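Heads up: the structure comes next, in structure tokens.
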């Protein structure tokens, strides 16, 4: 019997929404189908897998529908953390069914389950005093002022396009459903978990959880999960085949392999990795390796199989 290998695979928005003209539920289902084919390749070669995913656009769609239904029909609006739960269910369903079907086609008997996952954040996290993550649609100044007064929203003016709500992005501290996730993986299952970074909850002081209006970085949550389940690999699937230094500049340089200390140095320089895209992915990997993780990989969905064979992708490994 070969030794078990456990991977946490964090899939980005491009794994679900290809472009602006392919955003319907059916389009997302077809994109998920393609992504799960690559994950099935991993499973076929012996990996046990936990899958995390982004949910930014999907939460945006729910909030927009909610705002329209409120304006037109006076219906109640949906709290942000409930939007997160809704997307975990819907995206989980698309990934789970596609992966079940793909494994069935290959004659692989392996259960697949989605766990609606809460992630504990610290209510004293500095992010709560400095909300920066824009969510939802644009508002005019009058509506923005009303939302601030009635609901306590934080709003910012967005480059002349109108006003938007901003929420905190605190760091993940604990995966609440960790034991359930572990049990499923230990029994040979594939688990879809920490969707959208997890539903952010705080401890109310009595050991009880309360949902909070925040957004957790999905790569940070996958990094925490990978550490807690002692994963052999953290794989971040994104829009690019490899990581580049000086990305988008004339002296751009693709990287095949970095050590932990090299990656720390490049991140500290602050010029190589964009703050809103690659920097958090590198940071997530650094935390995983610093906590004793064995290795990490960044590549795009279609190149996962080749990257695992060492043919492409960017590997980041301990010193």
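Considering helices alone, the calculated mean residue ellipticity of the chain at 222 nm is -12500 deg cm²/dmol, with DSSP H runs of length four and up weighted by -39500 (n - 2.57) and normalised per residue. Relative to the longest principal axis of the Cα atoms of the chain, helix 141-151 runs at roughly 80 degrees. Computed over the range 110-160, the P(r) curve from all C-alpha pair distances, binned at 5 Å from the origin, holds 4, 13, 18, 18, 13, 12, 9, 6, 4, 2, 1 percent per bin. Dividing the alpha-carbon radius of gyration of the range 152-201 by the rule-of-thumb value 2.2 N^0.38 Å gives 1.79.
A straight chain from residue 5 to residue 148 at 0.36 nm per residue would run longer than the Cα-Cα distance by 46.6 nm. Over every Cα atom in the range 244-308, the radius of gyration and the widest Cα-Cα span, Dmax, amount to 12.1, 36 Å. Rounded to the nearest 5, the antiparallel percentage of DSSP beta bridges internal to the chain is 45%. By the count of neighbouring beta-carbon atoms within 10 Å, fewest first, 237, 180 end up ordered 180, 237. Put a dot 7 Å past the Cα of residue 70, heading toward its Cβ, do the same for residue 271, and the two dots end up 4.5 nm apart. With N counted as the residues of the range 47-101, its alpha-carbon radius of gyration over 2.2 N^0.38 Å works out to 1.40.
Distance between the pseudo-spin-label points of residue 25 and residue 245 (7 Å out from Cα toward the beta carbon): 4.8 nm. Considering only Cα atoms, the convex hull volume of the range 1-142 works out to 158 Å³ per residue. Between helix 260-269 and the chain there is an angle of about 30 degrees, using the helix long axis and the longest principal axis of the Cα atoms.
From the square roots a ≥ b ≥ c of the eigenvalues of the alpha-carbon gyration tensor of the range 151-269, which class results: rounded (a/c under 1.5), prolate (a/b over b/c), or oblate? Oblate is the answer for the range 151-269, as a/c is 1.5 or above yet b/c matches or exceeds a/b.
Once the Cα-Cα distance is subtracted from the 0.36 nm per residue extended length, the residue 158 to residue 122 segment shows a gain of 10.2 nm. On the basis of the beta-carbon distance and an R0 of 35 Å, residue 101 and residue 256 show a calculated FRET efficiency of 0.55. Eigenvalues of the alpha-carbon gyration tensor of the chain, scaled by 5 and square-rooted, set the equivalent ellipsoid semi-axes at 32, 23, 20 angstrom, largest first.
Values quoted throughout were computed directly from the atomic coordinates according to the rules given, and no laboratory measurement underlies them. Everything numeric here is computed off the predicted structure, so don't read it as measured data. Every residue, glycine among them, receives a Cβ derived from its backbone with ideal geometry; neighbour counts consider all protein chains shown.
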